[in-house]
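K.L.:
Mind having a look at this structure? Questions to follow.
Nothing in this text is a laboratory measurement; each read-out follows from the coordinates by a stated rule. Just so it is clear, the model here is predicted, and its values are computed rather than measured. Glycine gets a Cβ as well: all are built from the backbone with ideal geometry, and neighbour counts include every protein chain shown.
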Amino acid sequence: MRILLVEDDPALSLGVARGLEREGWQVDVLSDGEQAMSEGLVGQYDLCILDLGLPRRDGMEVLRHWRARGARMPVLLLTARDELADRVQGLDAGADDYLVKPFDLPELLARIRALKRRAEGRLDETLQLGELKLDIAHRELTHQGQRIALSPRELALTELLMQKAGRVVPKESIVARMSSWEADFSENSVEVYVHRLRKRFAELGVVIRTVRGFGYLMEVAGTGE
Ligand code: CA
């Protein structure tokens with residue numbers, strides 16, 4: 001997947017670009033609204049991440065320009081907390097999703113995967129394990145129809161384990177998926193998150209097993225004993 005990232009904060013843009021590349025995606029970075037206007041039309045991008053506050057032309061102008069000229073790629077807006085009105089306008093102007101700063105990398109990656117699925121027409125994809133269901137596009141976990149509230153990171157870990165249900169997920173791939181730009185997610189933090197999820201899932205008929213020295217495996221309770 002080829003992604004255009006338009007963001008004028010150099011630290012943020014570097015962190016996001018690294019995170020996207022770690023997922024195996026190709027990223028082009030721009031920091032200027034005017035450049036983005038033309039590049040978004042000629043660059044054959046599968047997806048754009050577009051900051052609202054940009055030098056020369058703001059993100060809203062850029063988005064309107066793209067949509068008016070028939071560019072259909074999914075666009076995810078990055079907005080500051082005080083730009084609520086802009087956010088609504090942005091969705092009206094043809095944005096597909098938005099994320100409020102500061103956000104965490106796993107959350108951004110999950111949104112991008114959801115947009116990609118939507119663009120590919122795989123809108124209602126769900127993962128199921130026992131009575132647990134994860135609606136990937138809408139980021140919602142339910143047990144027998146009841147919503148289980150998890151943090152974005154807990155949800156990202158649950159998604160990873162459910163995708164590979166019944167198989168071992170190596171600790172390193174969990175670390176890679178959960179790392180943010182502020183601090184690398186350590187193997188110890190993986191243990192903390194697994195411990196938390198185990199508690200949440202204790203009554204829900206699924207277990208997360210530790211495969212010592214290797215990783216974790218999620219399955220329906222009682223299967224692997
Ligand atoms: Ca900005």
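K.L.:
Of the residues Gly205, Gly53, Gly145, which exhibits the maximal mean-square fluctuation in a Gaussian network model of the chain defined by a 10 Å Cα contact cut-off?
P.N.:
Taking springs between Cα atoms under 10 Å, the residue moving most is Gly145.
K.L.:
For the chain, modelled as a Gaussian network with Cα springs under 10 Å, which listed residue fluctuates most, Gln35, Gln44, Gln146?
P.N.:
In this elastic network of the chain, the residue with the biggest mean-square fluctuation among Gln35, Gln44, Gln146 is Gln146.
K.L.:
Further question: Show me 132-138, 66-72 ranked by packing, highest mean number of other Cβ atoms within 10 Å first.
P.N.:
Peptide ranking by packing, descending: 132-138, 66-72.
K.L.:
So for the range 2-119, averaging the separation of alpha carbon pairs under 8 Å that are six or more residues apart and normalising by length, what relative contact order in percent results?
P.N.:
It comes to 23 percent, rounded to a whole number.
K.L.:
Rounding to the nearest 20 debye, state how big the charge dipole of the range 2-119 is about its Cα centre with +1 on each Lys and Arg Cβ and -1 on each Asp and Glu Cβ.
P.N.:
With only Lys, Arg, Asp and Glu charged at Cβ, the dipole is about 540 debye.
K.L.:
With +1 assigned to the C-beta of every Lys and Arg and -1 to the C-beta of every Asp and Glu, and no other charges, what is the dipole magnitude of the chain about the Cα centre in debye, to the nearest 20?
P.N.:
Approximately 720 debye in magnitude.
K.L.:
I want the local charge near Leu76. Using Cβ-Cβ distances under 9 Å, sum +1 for each Lys or Arg and -1 for each Asp or Glu among the other residues.
P.N.:
For residues surrounding Leu76, the net value is -1.
K.L.:
Follow-up question, since we're still on this one. Please list, or write none, the lysines whose alpha carbon is within less than 28 Å of the alpha carbon of Lys101, excluding same-chain residues fewer than 8 places away.
P.N.:
The reachable lysines, counting only those whose Cα sits under 28 Å from Lys101, are Lys116.
K.L.:
Evaluate 2.2 N^0.38 Å with N set to the residue count of the chain, then give the Cα radius of gyration divided by it.
P.N.:
Rounded to two decimals, the normalised Rg is 1.10.
K.L.:
Compute the signed sum of charges (Lys and Arg +1, Asp and Glu -1) over the other residues within less than 9 Å, Cβ to Cβ, of Glu23.
P.N.:
Residues near Glu23 contribute +2 overall.
K.L.:
Let me ask something additional. About the Cα centre of the range 134-225, how large is the charge dipole given +1 on each Lys and Arg Cβ and -1 on each Asp and Glu Cβ? Please answer in debye to the nearest 20.
P.N.:
Once rounded to the nearest 20, the dipole reads 140 debye.
K.L.:
Run the helix sum for the chain: -39,500 (n - 2.57) per DSSP H stretch of 4+ residues, divided by residue count, reported at 222 nm to the nearest 500 deg cm²/dmol.
P.N.:
-12500 deg cm²/dmol
K.L.:
Can I ask one more? Taking 25 Å as R0, compute the FRET efficiency from the Cβ-Cβ separation of Arg139 and Val220 and round it to 0.05.
P.N.:
0.65
K.L.:
For the chain, give me the percentage of DSSP beta bridges that are antiparallel, rounded to the nearest 5 percent.
P.N.:
Taking every DSSP beta bridge with both residues in the chain, the antiparallel ones total about 55 percent.
K.L.:
Sum up the charges of everything whose Cβ sits under 12 Å from the Cβ of Gln163, counting Lys and Arg as +1 and Asp and Glu as -1, but leave Gln163 out.
P.N.:
+2
K.L.:
Which three extents, in whole angstrom, do the alpha-carbon atoms of the range 126-220 cover along their principal axes, largest first?
P.N.:
35, 28, 20
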